[in-house]
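Some notes on the structure that comes next.
Just so you know, all these numbers are worked out from the coordinates, no wet-lab data involved. Because the structure is a prediction, the values reported are computed rather than measured. Don't worry about glycine lacking a Cβ; one is built from the backbone with ideal geometry, like all the others, and counts go over all protein chains shown.
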There are 2 protein chains.
Amino acid sequence: MRIGQLAQLVGVETQTIRFYEQQGLLPPPDRQDNGYRVYTEKHGEGLAFIRRCRILGLSLAEIHELQSYQDDPHQPCTAVNALLDDHISHVRSQITALQALEKQLVSLRASCNDDRGVEACGVLAGISEGNMHQQ
Amino acid sequence: MRIGQLAQLVGVETQTIRFYEQQGLLPPPDRQDNGYRVYTEKHGEGLAFIRRCRILGLSLAEIHELQSYQDDPHQPCTAVNALLDDHISHVRSQITALQALEKQLVSLRASCNDDRGVEACGVLAGISEGNMHQQ
DNA sequence: TTAAAACTATAAAGCTACTATAAGGTCAAT
DNA sequence: ATTGACCTTATAGTAGCTTTATAGTTTTAA
């Protein structure tokens, strides 16, 4: 199959596929005489793996790491689990930070209604004076 | 004061200050005969405002918008509040998305203990087979 | 006094994960 | 013959800095 079909199959853009190849995440496929890339089902699986990892928020570097584990199936999967644990704790700290941020924003927003001029705006004043009780 | 002192005062790197100037977020300061930038207290306040906005997660474009409101204090502050409301809802949807992601990651992680080879790893299998019940 | 350390300047590249644009070659159908 | 859809490479743009390179200036220590 050619790049456009693969792209449609997995739901990515063709440029993204070329990008992954260039980044070493997808093996370079064979070429037709005219230079067109020819993909196999294996490539489709590889690409789908990458996309699922991306949906899970893994970085390309982390995906690369996972691929290296896949290529060497004899080692224990401790490293895979550790990578995921790291990622989970990363996501959790993001959530915590965003929740704190939301609280701050809401309290800032509560300091002004819409019926003022900018010079009396509680929001701008709040930011300017720096009375942002940081966590 | 020179750029290094300003940087230390506000807690940013000197390059960041030059970057903000280049982006039009910080007015170009006067220069000494040797070309060194000379900052006033006003610059310090402006820079502190920018940093507080950044801590609140506002983009440079949004900060630019806020600055334009500051420069024109006669208009009502509806726009300021709208900007903040938008940002709050953005943060909230980020939180929701991350919480869904966390659930997914935790359930994936639960599909494997550490005592397997990579070829039997529940995590890798889970990603590969795509049994990720998406939201 | 001089040499090193610390500071300043500009310009350009690097980072992440793509997306978009440009300029062109290939192929099937009209 | 030419239109349209597809493919190729190379390059630039996105956000918000950070890093690197190269060079000039000031301050401090020997």
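Details
- Ascending list, in nanometres, of distances separating the residue B:60 label from those of the other copies (7 Å, Cα toward Cβ): 2.2
- Teacher prompt: residue B:36 distances to equivalent labels in other copies, 7 Å Cα→Cβ, nm: 6.5
- For chain A, built as a Gaussian network whose Cα springs stay under 10 Å, the top-fluctuating residue of A:33, A:86, A:115: A:115
- Mean projected area of the convex hull spanned by the Cα atoms of region A:46-127, taken over all viewing directions: 8.0 nm².
- Gaussian network model of chain A, Cα within-10 Å springs - most flexible of A:95, A:50, A:63: A:95
- Shielding value for A:60-66 is 1, the average number of Cβ atoms from other chains within 10 Å of each residue's Cβ.
- Shape call, region B:1-48: gyration tensor on alpha carbons, a/c limit 1.5: rounded
- Most mobile listed residue (B:116, B:51, B:18) in chain B, GNM with C-alpha springs under 10 Å: B:116
- The convex hull built on the alpha-carbon positions of region A:1-92 has an orientation-averaged projected area of 6.5 nm².
- Inter-chain Cβ neighbour average for residues A:123-129, partner chain, 10 Å: 6
- Against the compact-protein benchmark of 2.2 N^0.38 Å, the Cα-based radius of gyration of the protein assembly as shown scales to 1.35.
- Phi-based couplings in Hz for region B:8-13 (Karplus 6.51, -1.76, 1.60; Gly and Pro marked x): 5, 4, 8, x, 10, 8
- Sequence-ordered 3J(HN,Hα) estimates for region A:86-101 from the Karplus curve with 6.51, -1.76 and 1.60 and θ = phi - 60° stand at 4, 5, 4, 5, 5, 4, 5, 6, 4, 4, 4, 5, 5, 5, 4, 4 Hz, glycine and proline given as x.
- Note on A:15-27: average number of Cβ atoms from other chains within 10 Å of each residue's Cβ is 0.
- Chain A residue nearest the axis that carries A onto B, by Cβ, with distance in whole Å, is A:95, 3.
- If R0 is taken as 41 Å, the Cβ-Cβ distance between residue B:64 and residue B:111 corresponds to a FRET efficiency of 0.30.
- Span from the region B:1-40 Cα centroid across to the region A:32-85 one, whole angstrom: 45
- Relative contact order, percent, chain B [alpha-carbon distance under 8 Å, six or more residues apart]: 14
- Cysteines in chain B that, by Cβ-Cβ distance, have no pairing candidate under 4.7 Å: B:53, B:112
- B:109, B:2 arranged by Cβ crowding within 10 Å, fewest neighbours leading: B:2, B:109
- Per-copy distances of the residue A:113 label point, shortest first, in nm (7 angstrom along Cα→Cβ): 6.2
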